[in-house]
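The values are calculated or read from the model by the stated rules, or taken from the named source; none is laboratory data. Since we're looking at a predicted model, the values are computed, not measured. We place every Cβ from the backbone using ideal geometry, glycine too, and count neighbours over all the protein chains shown.
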Amino acid sequence: MEGLEGTLAGVRETFESGRTRSIAWRKSQLKAMIEFVQDNEEKIFKSLDQDLGKHPVEAYRDEIGVVAKSAKHALSCVQKWMTPKKGNLPLLFFPASAQVMPEPFGVVLIMGSWNFPISLTLDPLIGAISAGNAVILKPSELSPTCASFLAETIPKYLDPNAIKVIEGGIDVCHQLLQQKWDKIFFTGSQRVGRIVMTAAAQHLTPVTLELGGKCPAILDSISNPNNMKVIAKRIVGAKWGSCSGQACIAIDYVLVEEKFASCLIDSLRKTMKRFYGESPRESKSICKIGNETNFKRLLNLLKDPLVQASIVHGGSVDEETMFIEPTILLNPPLDSQIMTEEIFGPLLPIITLDNIQESIEFINSKPKPLAIYAFTKDETFKKQILSKTSSGSVTFNDTLVQFICDSLPFGGVGQSGFGRYHGKYSFDSFSHEKAILQRGFFPELEPRYPPWNNFKLQF
Ligand code: NAD
């Protein structure tokens with residue numbers, strides 16, 4: 001363990017030298033990040049294919065493109081973000097001035113996840129660099145090719161004394177979590193989120209937890225067949241089109257009125273055939289199940305005979321290649337694991353309701369989700385969804401796109417996590433906002449000092 005402690009001490013020494021605070025260092029690292037993704041596009045494609053069977057188009061959209069966009073945005077804004085902001089003071093303080101000055105936390109730990117092993121590791125790093133921190137990156141061991149690629153390549157581009165990549169599994173995570181950090185940014189499950197938060201509590205370290213949950217999609221009436229085509233594409237895209245449903249903001253289940261269910265299923269089937277052909281197993285456009293643990297967990301969700309009986313599309317499994325066919329289930333039991341746990345894979349339950357208004361109560365009967373999607377043109381219903389439910393985000397009439405908006409905060413609420421990032425929110429997530437108040441020595445207000453008397457009370 002001396003190695004890890006030595007590494008951490010070296011990174012802390014770099015931070016304490018003050019080097020990472022300068023605008024020049026921040027900009028040079030952000031430029032290097034842009035070069036890193038541009039120079040290594042092919043290697044990143046290969047690593048993502050190896051770990052997840054991710055097609056280069058999907059890899060560009062969800063990983064390389066996300067990192068390049070974030071780094072460019074941060075590069076153009078970092079000077080503005082780090083400039084202290086003037087604070088307004090009441091007249092009582094006159095003469096005085098106030099400022100809010102962002103300062104870096106110090107040495108931060110970023111723990112990435114395996115489903116988007118490049119973007120969900122490097123996107124937080126962009127925020128940490130912009131804010132002037134030194135960083136230890138811990139990529140997920142469950143995407144080993146990407147983890148090794150990052151460990152080998154990042155030091156060739158970014159300041160190796162301030163930014164280090166540490167590879168390893170759960171034991172290494174435990175060792176890392178025993179150290180004292182100035183901030184921990186974790187992406188992963190609620191289970192490990194609790195472990196991270198417990199460890200952080202020992203040192204009163206602030207944490208951001210980007211967790212998961214069951215993200216519902218609400219489908220209001222289907223008035224126009226053309227809308228239905230678009231809706232089906234967006235639902236299929238948000239279930240199978242981004243890491244095969246192994247995404248924290250993937251649609252977990254769909255709520256629809258009973259009378260529209262067959263039309264929805266029909267449209268989804270047609271769309272899936274267009275996207276993945278007659279045999280999705282042969283398709284290069286769908287990611288594989290990322291690891292054996294997730295595969296076994298998904299098989300377990302399908303094991304229940306009542307869940308099996310609810311399959312209306314797909315359902316076949318190949319244990320040898322860890323393939324699970326894109327699967328639609330109609331009304332699986334609400335107390336089955338598939339409806340009580342986050343699915344995180346290519347299985348889509350459709351739950352029918354008598355009236356779509358019941359969707360609000362349904363969502364509120366479960367922990368607060370990371371995202372809610374609602375396909376509706378009814379402005380009153382939209383307002384009800386916004387005011388009567390709580391979630392990390394609400395997206396009307398589309399899916400997943402909220403993730404790539406730098407102007408919107410990304411993060412959970414309740415059990416889907418806390419803290420937020422993206423764009424300026426990433427900078428804020430890795431900064432302490434220091435309050436600065438400056439006064440002169442005159443005038444002096446004597447009633448603020450003892451000895452107390454009734455005259456001072458009236459003042
Ligand atoms: P996970 O929590 O099982 O693992 C995350 C990392 O934590 C692992 O890579 C491992 O290094 C470490 N870890 C695992 N067990 C540990 C332990 N006992 N002690 C210490 N460290 C440990 O999550 P996962 O399987 O990698 O990802 C799936 C989960 O992540 C899903 O719930 C998903 O919704 C969530 N997720 C959230 C976001 C988001 O941005 N909110 C993004 C991607 C994934």
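Just so you know, in the stretch 196-218 the residues that are assigned to a loop (DSSP other than H, G, I, E, B) and more than 30 Å from Glu258 (Cα to Cα) include one that is nearest to the ligand (Cβ to nearest atom), and it is Leu211. Of the residues screened, Gly132 is not one that is within 16 Å of the ligand (Cβ to nearest atom) and at pLDDT 95 or above. A Cβ distance below 8 Å, combined with a sequence gap of six or more or placement on separate chains, defines the contacts here; from the stretch 12-24, residues that are more than 16 Å from Leu109 (Cα to Cα) reach residues that are in a helix (DSSP H, G or I) in the pairs Arg19/Trp25; Ile23/Val78; Ile23/Gln79; Ile23/Met82. All of (1) within 16 Å of the ligand (Cβ to nearest atom); (2) farther than 23 Å from Thr208 by Cβ; (3) touching a residue at least 40 places away in the same chain (Cβ under 8 Å); (4) hydrophobic (A, V, I, L, M, F, W, C) hold for Phe418 with one exception: (2). Name the residue that is surrounded by the fewest Cβ atoms within 10 Å (Cβ to Cβ), counting only residues in the stretch 329-358 that are polar (S, T, N, Q) and closer than 30 Å to Leu52 by Cβ. Looking at residues that are polar (S, T, N, Q) and closer than 30 Å to Leu52 by Cβ, I get Thr340.
Residues in the stretch 222-238 that are touching a Lys or Arg at 6+ places or on another chain (Cβ under 9 Å) and surrounded by fewer than 17 Cβ atoms within 10 Å (Cβ to Cβ) were compared, and the one that is farthest from Thr376 (Cα to Cα) is Lys229. Do we find that Gly127 is within 14 Å of the ligand (Cβ to nearest atom) and of a type outside the set (Phe, Trp, Tyr) in this structure? The answer is yes for Gly127.
All told, Ser221 falls short of being part of a helix (DSSP H, G or I), out of contact with any His (no Cβ under 7 Å at 6 or more places or on another chain) and not hydrophobic (A, V, I, L, M, F, W, C). Among the residues making up the stretch 370-415, those that are among the β-branched types (Val, Ile, Thr) and either in a helix (DSSP H, G or I) or more than 12 Å from the ligand (Cβ to nearest atom) (or both) are Ile372, Thr376, Thr380, Ile385, Thr389, Val394, Thr395, Thr399, Val401, Ile404. Gly193 - would you say it is within 13 Å of the ligand (Cβ to nearest atom), touching a strand residue (DSSP E or B) at 6+ places or on another chain (Cβ under 9 Å) and at positive phi? For Gly193, the condition - within 13 Å of the ligand (Cβ to nearest atom), touching a strand residue (DSSP E or B) at 6+ places or on another chain (Cβ under 9 Å) and at positive phi - is not met. In a residue-by-residue description of the stretch 143-166, the property of being in contact with a Lys or Arg (Cβ under 8 Å, 6 or more places away or on another chain), of a type in the set (Ser, Thr, Tyr), farther than 25 Å from Val57 by Cβ and surrounded by fewer than 19 Cβ atoms within 10 Å (Cβ to Cβ) applies to no position. Within the stretch 150-166, the set of residues being within 16 Å of the ligand (Cβ to nearest atom) and in a helix (DSSP H, G or I) comprises Leu150, Ala151.
Report, by residue number, each residue of the stretch 416-459 that is aromatic (Phe, Trp, Tyr), assigned to a helix (DSSP H, G or I) and under 30 Å from Met197 (Cα atoms). Within the stretch 416-459, Tyr425, Phe427 qualify. The number of residues in the stretch 28-55 that are crowded, with 17+ Cβ neighbours inside 10 Å and assigned to a helix (DSSP H, G or I) comes to 14. In summary, Ile356 fulfils each of the numbered conditions (1) aliphatic (A, V, I, L, M); (2) in a helix (DSSP H, G or I); (3) over 15 Å from Asp252 (Cβ atoms) with the single exception of condition (2).
Cβ-Cβ distances below 8 Å connect the following pairs, each with a first residue in the stretch 441-459 that is touching a residue at least 12 places away in the same chain (Cβ under 8 Å), a second residue that is of a type outside the set (Ser, Thr, Tyr) and not in a helix (DSSP H, G or I), and a separation of six or more residues or different chains: Pro447/Phe459. Regarding Asp318, is this residue of a type in the set (Asp, Glu) and in contact with a Ser or Thr (Cβ under 6 Å, 6 or more places away or on another chain)? Taking the combined requirement at face value, the residue does not satisfy it. Here Met1 passes the criteria (1) of a type in the set (A, V, I, L, M); (2) within 25 Å of Asn291 (Cα to Cα); (3) at pLDDT below 95 except the one numbered (2).
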